[in-house]
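Engineer: One structure follows; several queries about it will come next.
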Amino acid sequence: MIRIEGLKKQYKEAVVLDVPFLEIAKGECFGLVGNNGAGKTTLFRIMLDLVRASSGHVLIEGQEVSRHEEWKAYVGAYLDEHMLLSYLTPDEYFQSLRKIYRLSETDLQTHLNKFKDFFNNEILGKKKYIRDLSKGNIKKVGIAAAMIANPKVVMLDEPFENLDPTSQNRLKKLILEETVNNELTFLISSHDLNHVTEICNRIVLLEKGTVIKDLKDKGLMAGELDTYFNY
Ligand SMILES: Nc1ncnc2c1ncn2[C@@H]1O[C@H](COP(=O)(O)OP(=O)(O)OP(=O)(O)O)[C@@H](O)[C@H]1O
């Protein structure tokens, strides 16, 4: 589903990402971990064609993301607040997305209903601009928006950050349901090792832009990460 070939990103002399080869399969819940500056966000940004690679490429369903547009129809992402229209209320924003993606009112309501518990009655119908919401609630809007157009792939950068523990658990449940019921592929970067080990069936550990561990055995993930991060 996703293939990375000879990917490098360099800022002047500094190589911040160097991933010779990586494949992510359909339905995989792929966790991306690593210390500050390891290259997680850079990798996501290149995968979404928000940043140009210095060399190499990313293919989604066989298409190079920097040369084609079709992949945009089935990839949803929330990396940060810049992806939102903060001068709108969440209701206005979801309505705008409904029109962009040509969804019916029923489609939109069905989608938002999935997020009812996650929203905890603080997002919809409040007449509050997105810019005035709490950080956690802004993140909730972004996550729901990323999944609005029935994507096959969802990329989330630090989805658990700023969420309260109840919301973190509700998000994990949502992600697991979507992976099981709809075979969605999730790419999740996180500093929360407990959450990623709980929901991901694969975790890649980046260090200074390179993949130093590719963990696929759920039984060993927690121990391997614990050893690395407690060193
Ligand atoms: N525009 C830029 N110019 C120069 N260096 C950059 C630029 N963008 C990112 N970098 C560098 O690339 C490296 C990787 O950064 P990136 O944000 O991808 O790391 P990260 O793993 O997401 O970190 P964090 O966990 O802190 O969010 C860092 O050293 C960062 O300073």
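Engineer: With the condition kept exactly as written, say whether any residue in segment 5-27 is assigned by TED's automatic domain parsing to the domain that holds Glu198, under 20 Å from Pro151 (Cα atoms) and within 15 Å of the ligand (Cβ to nearest atom).
Structural biologist: Within segment 5-27 (the criterion being assigned by TED's automatic domain parsing to the domain that holds Glu198, under 20 Å from Pro151 (Cα atoms) and within 15 Å of the ligand (Cβ to nearest atom)), the answer is no, since none of the residues qualifies.
Engineer: Right, another one. Could you check Ala222 against (1) in contact with a His (Cβ under 9 Å, 6 or more places away or on another chain); (2) of a type outside the set (Phe, Trp, Tyr); (3) more than 26 Å from Ser104 (Cβ to Cβ); (4) at pLDDT below 95 and say which number it fails?
Structural biologist: Unmet for Ala222, out of (1) in contact with a His (Cβ under 9 Å, 6 or more places away or on another chain); (2) of a type outside the set (Phe, Trp, Tyr); (3) more than 26 Å from Ser104 (Cβ to Cβ); (4) at pLDDT below 95: (1).
Engineer: Now for a separate question. So which residues in segment 8-38 are under 26 Å from Leu176 (Cβ atoms), touching a Leu at 6+ places or on another chain (Cβ under 9 Å) and in a strand (DSSP E or B)?
Structural biologist: The answer is Leu22, Ile24, Cys29, Phe30, Gly31, Leu32, Val33.
Engineer: State which residue is nearest to Trp71 (Cα to Cα) when the search covers only segment 106-160 and only residues that are within 16 Å of the ligand (Cβ to nearest atom) and among the aliphatic types (A, V, I, L, M).
Structural biologist: Taking the candidates together, the pick is Met155.
Engineer: Suppose the filter is of a type in the set (Ser, Thr, Tyr) and touching a Pro at 6+ places or on another chain (Cβ under 9 Å); does Tyr11 pass it?
Structural biologist: Here the answer is no, as Tyr11 does not meet what is asked.
Engineer: Now a separate question. With a cut-off of at least 3 residues that are surrounded by 17 or more Cβ atoms within 10 Å (Cβ to Cβ) and hydrophobic (A, V, I, L, M, F, W, C), name the helices (runs of 4 or more DSSP H) lying wholly within segment 68-178.
Structural biologist: The helices (runs of 4 or more DSSP H) meeting that bar are 135-146.
Engineer: Quick test for you: out of Lys208, Lys218, pick the one residue that is in contact with an Asp or Glu (Cβ under 9 Å, 6 or more places away or on another chain), basic (Lys, Arg) and surrounded by fewer than 22 Cβ atoms within 10 Å (Cβ to Cβ).
Structural biologist: Lys208
Engineer: Let me ask you something else. For Ala53, state whether it is closer than 19 Å to Leu79 by Cβ, out of contact with any Asp or Glu (no Cβ under 8 Å at 6 or more places or on another chain), in a loop (DSSP other than H, G, I, E, B) and among the aliphatic types (A, V, I, L, M).
Structural biologist: yes
The values are calculated or read from the model by the stated rules, or taken from the named source; none is laboratory data. Note that the structure is predicted; figures quoted are calculated from it, not measured. Note: ideal-geometry Cβ built from the backbone for every residue, glycine included; neighbour counts use all protein chains shown.
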